[in-house]
Amino acid sequence: MSGFLGPLESDGRIPPHQQTRVAAFLISAHGALARQSALTVPATLESGWQTELNTQLFRETEIVSLLIRATSWAPDPGLGYMAVGWESAWYPAPVHDIPDWPLAMAAGLATLAHAVHAAIRPAALLPTAANPDDPFVMALRHIEFESGRMLQTQIIVLKSSTLQPHRDAINSALERRHREVRKLWHDMLRSVGIAVDGSNDGQP
Amino acid sequence: MPFLSHGSYRIRYELDGPTGAPAYVLVNGLTQYSELWGAYRAALFARGFRVATFDLLGQGASDKPTLYISQDDQVGALGLLIDELGDSPIFLGGVSFGGLIALRYAIDHGGRLSGLVPMSCFAELSPQLLLLGNALRTGLILGGTSYLQDLLLPMNLSDQWLEPLLDKLDTVKRQGWLVNDVYALQNLMESFLDFQPLTPRLSAIAVPTMILNGEFDFLTPRSVHETLRIEIPNSSMVIIPKAYHAFTLEKGALTADLLARFAEDVLAGRWQGNQAVWVAPEEPGGELTPFPAGYDHLRAIPVKRALP
C-alpha cells in the first residue's frame, strides 16, 4: 500500500474506482457545505463576516459541479452504504454554548467548513507521475487550492469579534469536527487501498 | 516515530546518539520539519554529540492545533524534549522562528543550558520584518503553501544553490508542501499577532551564545542580530560569508562544524564571547577571522566605524 492514489493507469490517470470514491466523498462534504451555506446566509447581510458565507456558498457549488464533470465514474456497490455514513456526519451541529441561535448555527457551519477545507488535502494524494492534464488530477489540485483560500472564510468567522466571547466553545467544537472529518476521510482512503497514518485520528 | 505529550497535543521528535553525551537540540524554522536536520544529525553524531530534533506544534508529524497556536506552548514542548535528555550538557540551536523559541527558552530556563546558538534570528519585529511577515502571510492565504515556498526560496537561498535545481524545484518543495498544512502554517504565523519584543529580557541570558547571521540575509538582516549581540552579555556574532537567511540548509556542513566547535570550546572552557564579531570560514574546518577592526559590521560597504 502507498500513501498516494494509484497504481496509475498507463496514461498517468487515477484508476476510476479510486476517482469514484474520492469524488463521491468530496461531493458529499462540499455539497453539504453548499446546502448549509445556502440556508445560513441571511437575505440581508448585517455583519462584514457574513459576506464570507455568500462567497462560500458559490465556491462549494463550484467544487461539486467540477467533480461531477471531471471524474471518470465507475460502478461502486459499496458507495451507497458509505454515503449514508458521510451524510449523517455533516448534519448541522450548532455550537450549543452560544445562546444566539442563528449565530450558533453559523459557528457550527464554520467549524464543519474549516475541518473539511483544512483536514482534507486531495492534491496531496497525487503521485508525482500523475498526468497533470487529466481533468480529475487538475480538479483535485484546484479543490485543494480553493480550499486553502476558503479556509480564510472560516478563520475570519471563527476569530471574529462576534465569536471571541465563545472562544473556548468554538475551539472545542472545531477540534471535534476535525477529528470526525479526518476519521471519515482516512477510512474512505483506506477503503481504496491508500495507506494512512491514522494514529492521530483521535487527536485534535 | 516517538512522541512527547504536551497537554492534549503530541510532539514528534527524533533523538540519536549516546546517552550522557553532550547534546544539541535543534529547533526548526517556520516552514521546516525535523528531517531537514538530517545532515546535522550525522555530522554532530560523528563529533560525539547526541542530537535531538522535533516538529513544532503545527509542523510535520506533530499535532496541528486547529485555530490558535501559542508560542508559550512551543517553548513548553521544547522544554519537554530537553527534559528527555537528562543531566548531560545541552546546547540549544534554533533557526529563524525556531531561534526565537530557543531565545525564549534560554531567557526562562537558561540554567539548564550550556550554550545557545540563535541562527537567522530576531528578538523583535522591526518595521521591515513585520511588513515582510504580513506579506508572506498574505501570500500563504492567497496562494497556499506552494506560493509561500516560491517566495521564500529565492529570498533565502543563493543563486549558486538555486541554479542547478531550477528545473526540479517542484521536487525540492514537495516534501515541505506535503507535511505542512496551510491552516497550521497560518496559525504559526498568527502566533505573532500578540508578540511582545524579547529585547528587554535578553540580558537575562547568561549562557555562552554564538549568534549566526548570513552575510546577505535580508529577511533578518545584521541589524536584528546586532540587538542580540548587544543585549546578550556572553555572546559573539559570526557572519557566514555569501549566505542568506536559510544558510542552515545551504551550508549545512559548515554550520554543523561551527556548532560542534562552539560546543567543544565551551566544554573545554576556551569560549570567550566578548560580544565580538567574527567572520566564518567558507569551508568547514577553516579559521574564523575577527571582523576588520575599525570598520562597521552593520554596513555592506567598508565604512569606518564612528568613534564613540
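The values are calculated or read from the model by the stated rules, or taken from the named source; none is laboratory data. Being a predicted model, the structure only gives us computed values, none of them experimental. Ideal geometry is used to build each Cβ from the backbone, glycine not excepted, and the neighbour counts take in all protein chains shown.
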Can you tell me which of B:Asn134, B:Asn180, B:Asn156 is within 14 Å of chain A (Cβ to nearest Cβ) and of a type in the set (S, T, N, Q)?
B:Asn180
Would you confirm, using the coordinates I've provided, whether B:Ala52 is farther than 21 Å from B:His245 by Cα, crowded, with 21+ Cβ neighbours inside 10 Å and in contact (Cβ under 8 Å) with a residue 60 or more places away in the chain?
no
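Condition first: in a helix (DSSP H, G or I) and in contact (Cβ under 8 Å) with a residue 60 or more places away in the chain. Now tell me which residues in the stretch A:177-193 satisfy that. If you could, list the steps in order and put the result at the bottom.
Going residue by residue through the stretch A:177-193, those that are in a helix (DSSP H, G or I) are A:177-191.
Within the stretch A:177-193, A:Arg177, A:His178, A:Glu180, A:Val181, A:Arg182, A:Leu184, A:Trp185, A:Met188, A:Leu189, A:Ser191 meet the criteria.
Of all residues being out of contact with any Lys or Arg (no Cβ under 7 Å at 6 or more places or on another chain) and at the interface with chain B (Cβ under 10 Å from one of its Cβ atoms) in the stretch A:115-124, which is surrounded by the most Cβ atoms within 10 Å (Cβ to Cβ)? Just the residue, please. Give the steps one after another, and end with the answer.
The first filter runs over the stretch A:115-124 and keeps only residues out of contact with any Lys or Arg (no Cβ under 7 Å at 6 or more places or on another chain), leaving A:116-118, A:120-122, A:124.
Keeping just the survivors that are at the interface with chain B (Cβ under 10 Å from one of its Cβ atoms) gives A:117-118, A:121, A:124.
On the way: A:His117: 30, A:Ala118: 28, A:Arg121: 19, A:Ala124: 15.
By that ranking, first place goes to A:His117.
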What residue, of B:Gly133, B:Gly94, B:Gly99, B:Gly38, is in the same structural domain as B:Val182 (by TED's automatic domain parsing) and of a type outside the set (Asp, Glu)?
B:Gly133
Can you name every one of the helices (runs of 4 or more DSSP H) wholly within the stretch B:70-168 that holds 2 or more residues which are surrounded by fewer than 20 Cβ atoms within 10 Å (Cβ to Cβ) and touching a strand residue (DSSP E or B) at 6+ places or on another chain (Cβ under 8 Å)?
B:71-83
Filter pass, A:Asp197 being within 10 Å of chain B (Cβ to nearest Cβ), of a type in the set (Asp, Glu) and either farther than 30 Å from A:Ser47 by Cβ or part of a loop (DSSP other than H, G, I, E, B) (or both)
yes
Restricting the search to the stretch B:6-49, which residues are without any contact (Cβ under 8 Å) to a residue 60 or more places away in the chain and not in a helix (DSSP H, G or I)?
B:Ser8, B:Arg10, B:Arg12, B:Glu14, B:Asp16, B:Gly17, B:Pro18, B:Gly48
Qualifying position, being of a type in the set (A, V, I, L, M) and at pLDDT below 95, among A:Leu53, A:Leu66, A:Leu33, A:Leu8
A:Leu53
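Can you find a residue in the stretch A:130-145 that is in a helix (DSSP H, G or I) and in contact with a Phe, Trp or Tyr (Cβ under 8 Å, 6 or more places away or on another chain)?
Initially, the stretch A:130-145 is screened for residues in a helix (DSSP H, G or I), giving A:135-145.
Going one step further and asking which of them are in contact with a Phe, Trp or Tyr (Cβ under 8 Å, 6 or more places away or on another chain), we end up with none.
No, the stretch A:130-145 contains no residue that is in a helix (DSSP H, G or I) and in contact with a Phe, Trp or Tyr (Cβ under 8 Å, 6 or more places away or on another chain).
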Checklist (1) touching a helix residue (DSSP H, G or I) at 6+ places or on another chain (Cβ under 8 Å); (2) assigned to a helix (DSSP H, G or I) applied to A:Gly80, failing item:
(1)
Just to be sure I understand the filter: pairs with C-beta atoms under 7 Å, separated by 6 or more residues or on different chains, first member in the stretch A:42-64 and touching a residue at least 60 places away in the same chain (Cβ under 8 Å), second member of a type in the set (D, E, K, R). Which pairs pass?
A:Arg59/A:Glu146; A:Ile63/A:Glu146
Show the residue pairs meeting these rules: Cβ distance below 6 Å; 6+ apart or different chains; first residue within the stretch B:190-219 and closer than 17 Å to B:Tyr105 by Cβ; second residue basic (Lys, Arg) and assigned to a helix (DSSP H, G or I).
B:Ile211/B:Arg229
The residue from B:Asp63, B:Asp73, B:Asp55 that alone is within 14 Å of another protein chain (Cβ to nearest Cβ) and in contact with a Pro (Cβ under 7 Å, 6 or more places away or on another chain) is B:Asp63
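From the set of residues in the stretch B:189-209 that are part of a helix (DSSP H, G or I) and at pLDDT below 95, which is surrounded by the fewest Cβ atoms within 10 Å (Cβ to Cβ)? So that I can check it myself, show each step before the final result.
Quick first cut of the stretch B:189-209, residues part of a helix (DSSP H, G or I) only: B:189-190, B:199-204.
Subsequent filtering for residues that are at pLDDT below 95 retains B:189-190.
Values: B:Met189: 21, B:Glu190: 15.
That would be B:Glu190.
Could you go through the stretch A:136-151 and let me know if any residue there is out of contact with any strand residue (DSSP E or B) (no Cβ under 8 Å at 6 or more places or on another chain), more than 23 Å from A:Ile14 (Cβ to Cβ) and at the interface with chain B (Cβ under 10 Å from one of its Cβ atoms).
The first filter runs over the stretch A:136-151 and keeps only residues out of contact with any strand residue (DSSP E or B) (no Cβ under 8 Å at 6 or more places or on another chain), leaving A:136-151.
Next, only the ones that are more than 23 Å from A:Ile14 (Cβ to Cβ) stay: A:149-151.
With at the interface with chain B (Cβ under 10 Å from one of its Cβ atoms) added as a condition, the list becomes A:149, A:151.
Yes, that holds for at least one residue.
Give A:Thr128, A:Thr162 a once-over and let me know the one that is over 18 Å from the mean Cα position of the chain (by Cα), β-branched (Val, Ile, Thr) and facing chain B (nearest Cβ under 10 Å). Steps first, answer last, please.
Working: A:Thr162 fails: facing chain B (nearest Cβ under 10 Å).
Residue meeting the stated conditions: A:Thr128.
Got at least one residue in the stretch B:215-237 being at pLDDT below 95 and within 14 Å of chain A (Cβ to nearest Cβ)?
First pass over the stretch B:215-237, keeping only residues at pLDDT below 95: B:218.
Next, only the ones that are within 14 Å of chain A (Cβ to nearest Cβ) stay: none.
Taking every residue of the stretch B:215-237 in turn, none turns out to be at pLDDT below 95 and within 14 Å of chain A (Cβ to nearest Cβ).
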